[in-house]
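The values are calculated or read from the model by the stated rules, or taken from the named source; none is laboratory data. Note that the structure is predicted; figures quoted are calculated from it, not measured. Cβ atoms come from the backbone with ideal geometry, glycine included; neighbour counts cover every protein chain shown. Calculation scope for accessible area: heavy atoms of the full protein, side chains included, ligands and nucleic acids excluded. Shrake-Rupley method; radii C 1.70, N 1.55, O 1.52, S 1.80 Å.
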Amino acid sequence: MSGFQLQRLGQIMEPEPGNPQEAEGVLNPAAARGPDGHLYLFPRLVARGNYSRIGIARVNFNQAGDPCGVTRLGLALEPEADYELRSGGGGGCEDPRITFVEPLQRYVMTYTALSPIGPRIAIAISSDLFHWKRIGLARFAAYQGIDFAHVDNKDASLFPLAIANHAGKMQMALLHRPLFPGTRPEETVCHEGPRELELDRESIWISYCPLPAEGIEPQQLGLFNSHHRLAAPVEPWARLKIGAGTPPVLTEHGWLVIYHGVGEVTGPANELHHLCYSAGVMVLSREHPREIRYRSAQPILVPDLSQEKSGTVADVVFPTGIDRRTDLGSPNRFDVYYGMADDRIGVARLDLPDVLPSGGVGAQPEGTV
């Protein structure tokens, strides 16, 4: 097999009629296999006023082994902590990713807390996927004049194994995407023609923190530092913004990440500055994941179905969950769960190629897109 093969399997979840917790959408789920072997989704459930909770649903499969629906099981998290609540009754727990972190022997959820000062990365842990304990906001050290602690941050996920940082220390590693002022797609889309990038402020980053002491359940994670700029916007389909998507999964080629990119398309009546969210593939070095081995020059999934082109936000596919199908004896098959137009959830099948395709974008940009 050559190239990354991706095949839509269909819509897996949509808002439940009459459920006020889902009145404005069901989207952007985490995905994780429980101790019982079942696959669980953790969708963002959006009530009126963009008030978000994180639900739990068990995935149902058909005779062929493809996901075909879900059974709702309640809530994993709803806004309770001060960093999840805003004045006037607003707030939210949004867009989770879940990784089973082997050194901790715990599931770790990274999610966006809609705090009083803006979106921030929050962390919760669980031993069974059903009972979650908050351990607070991720904390970041400054780096060469870049203040990660006081800017918005989203799209975070952890590696499942300890990773060597720049000094060779085995630590926890986090992908994240700081949103510095002026770097949101709604702002960068206004730049006509070639645009100068502020690479340090428009990129996916990888950061590291010390592992908790062995055998001790963490009350709070350490300070994330050892920062490294991983990937910046390169291709036209993602020239406005990129962000980490699914949590990293180790494959024979390296760490597989399905990420999102934001480009510009012509809207109705030749409307300019219409945003389009697509998905691409990135493969990182196994030993040193701050090095990119492969990055798709073209997206592997673009909004095409009516459910992806029309919804709460038009023209969006937003990957957040991934499931390796070892249960079918197919370790090179991955089911990718993604948000459809910020309204529903779809799933697509990704087959790992025998070799990495040629022509992948491995270099960083020169600073202009």
Inset, instruction - Putting +1 on Lys and Arg Cβ atoms and -1 on Asp and Glu Cβ atoms, find which of Q105, P79, V46 reaches farthest to the positive end of the dipole of segment 40-129. - result: V46
Legend entry - Furthest towards positive pole of dipole, H260, L250, A142, structure part the chain, Cβ charges: L250
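Express the carbon and sulfur contribution to the solvent-accessible surface of the chain as a percent, rounded to the nearest whole number, probe 1.4 angstrom.
Numbers: 7160 of 14800 Å².
Taking all protein chains in place, the chain shows 48 percent carbon and sulfur surface.
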Inset, instruction - Please give the contour-minus-distance gain from A142 to M170: 0.36 nm per residue of separation, less the Cα-Cα distance, rounded to one decimal in nm. - result: 8.0 nm
Legend entry - Potential extension, Q105-A213 segment - 0.36 nm per residue separation minus Cα distance: 37.6 nm
Inset, instruction - Report relative contact order for the chain in percent, whole number only (criteria: Cα-Cα under 8 Å, sequence separation at least 6). - result: 18 percent
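Accessible area per residue, 1.4 Å probe, Å², for segment 100-217: what's the number?
Working: 4980 Å² over 118 residues.
About 42 Å² of surface per residue is accessible.
Which GluC sites (Glu not before Pro) in segment 128-203 sit in a loop by DSSP (not H, G, I, E or B) and have at most 13 other Cβ atoms within 10 Å of their own Cβ? Please list the in-between numbers first.
Details: sites: E186, E187, E192, E196, E198, E202; in loops: E192, E198, E202.
Sparse-neighbourhood loop GluC sites (Glu not before Pro): E192, E198.
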Inset, instruction - Report the extension gain between C68 and Q11 in nm, rounded to one decimal, defined as 0.36 nm multiplied by the number of residues separating them, less their alpha carbon distance. - result: 19.7 nm
